[in-house]
Amino acid sequence: MKRFSNQKWKVVLSCLFSMMPLFVGLVLWNKLPDRLPTHFNYLGEPDQYSSRGFTVFGLGSILFVLNILALYITGRDPKNVNVSESVMNMVLLLVPFLALYLSLLVYGSVLGVKLSVEKWSMLLMGGMFVLIGNYLPKCRQNHTIGIRLPWTLNDAEVWDRTHRLAGYLYILTGIAIIISALVVKKNGFIVFMVMMMVTTLFSIIYPYVIYRRRHAGEEKQD
């Protein structure tokens, strides 16, 4: 992870915070029941449970490994010099924020904390869309972060145009998801899924269209 070699303290903090479910679980150990919810349906209701030991140690360990893997893959990208410092910071924060959310979700649900899973999941996803949208225009061609399609990876201008426009779309989508979470009382998850599908389809179709336009002459020669 050469790219992170000058940010060792950030890497250490990122890894420690990614294990938040483990630390919180150990602090609350005697207050936790023998079985904890580890999966929730689309209505926000727990539908799968695991033992206290597996949840506390397993969840923290899985997130720690996931964080290390994300940092390793990003750091080993042959084009990681194109990834800006702000984008690298986003990578360092993603799993710790997920760890914070899961800690609140899993432990809060058994300690009497009233938490609307659907609402908070949408708020989290909306915030992530806004965050990603803010960083997308700053991404330059690389094999790890961004809209990595054959058309964007083979043409730097297609990459830049796609990420500039997608950045605005992701931010607007994120804001709309957050508003839906706060306003829509029922079926908010359906709104989230529809908006995410529209954003995803745009991110695939738009670069394909502009790539075809830019390389139409080459295809005719072939």
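Key figures
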quantity	calculated
Pick from segment 130-147, criterion of a type in the set (A, V, I, L, M, F, W, C) and within 23 Å of Tyr72 (Cα to Cα), ranking: surrounded by the fewest Cβ atoms within 10 Å (Cβ to Cβ)	Leu131
Residue, farthest from Val198 (Cα to Cα), within segment 107-119, restricted to residues that are open to solvent by 10 Å² or more (accessible area, probe 1.4 Å) and touching a residue at least 40 places away in the same chain (Cβ under 8 Å)	Leu111
Residues satisfying the stated conditions in segment 185-208, i.e. surrounded by 17 or more Cβ atoms within 10 Å (Cβ to Cβ), at pLDDT below 85 and over 19 Å from the mean Cα position of the chain (by Cα)	Gly188
Residue, nearest to Ser61 (Cα to Cα), within segment 15-41, restricted to residues that are touching a residue at least 60 places away in the same chain (Cβ under 8 Å) and open to solvent by 80 Å² or more (accessible area, probe 1.4 Å)	Phe17
Residue tally, condition in a loop (DSSP other than H, G, I, E, B), touching a helix residue (DSSP H, G or I) at 6+ places or on another chain (Cβ under 7 Å) and open to solvent by 20 Å² or more (accessible area, probe 1.4 Å), over segment 148-173	1
Inter-residue pairs, beta-carbon under 9 Å, first over 16 Å from Val11 (Cα atoms) and in contact (Cβ under 8 Å) with a residue 12 or more places away in the chain and in segment 52-78, second acidic (Asp, Glu) and outside any helix (DSSP H, G or I), 6+ apart	Arg52/Asp34
Qualifying residue in segment 209-220 (condition: at pLDDT 85 or above and in contact with a Lys or Arg (Cβ under 7 Å, 6 or more places away or on another chain))	yes
Any chance Ala181 is aliphatic (A, V, I, L, M), assigned to a helix (DSSP H, G or I) and more than 17 Å from the chain's Cα centre (by Cα)	yes
Selection from segment 14-39 of residues that are within 13 Å of Val110 (Cα to Cα) and in contact with a Pro (Cβ under 6 Å, 6 or more places away or on another chain)	Pro37
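The values are calculated or read from the model by the stated rules, or taken from the named source; none is laboratory data. Just so it is clear, the structure is predicted and the values come from calculations on it, not from any experiment. Cβ coordinates were reconstructed from backbone atoms using ideal geometry, including for glycine residues, and neighbour counts include every protein chain displayed. Accessible surface areas use protein heavy atoms only, side chains included; no ligands, DNA or RNA. Shrake-Rupley method; radii C 1.70, N 1.55, O 1.52, S 1.80 Å.
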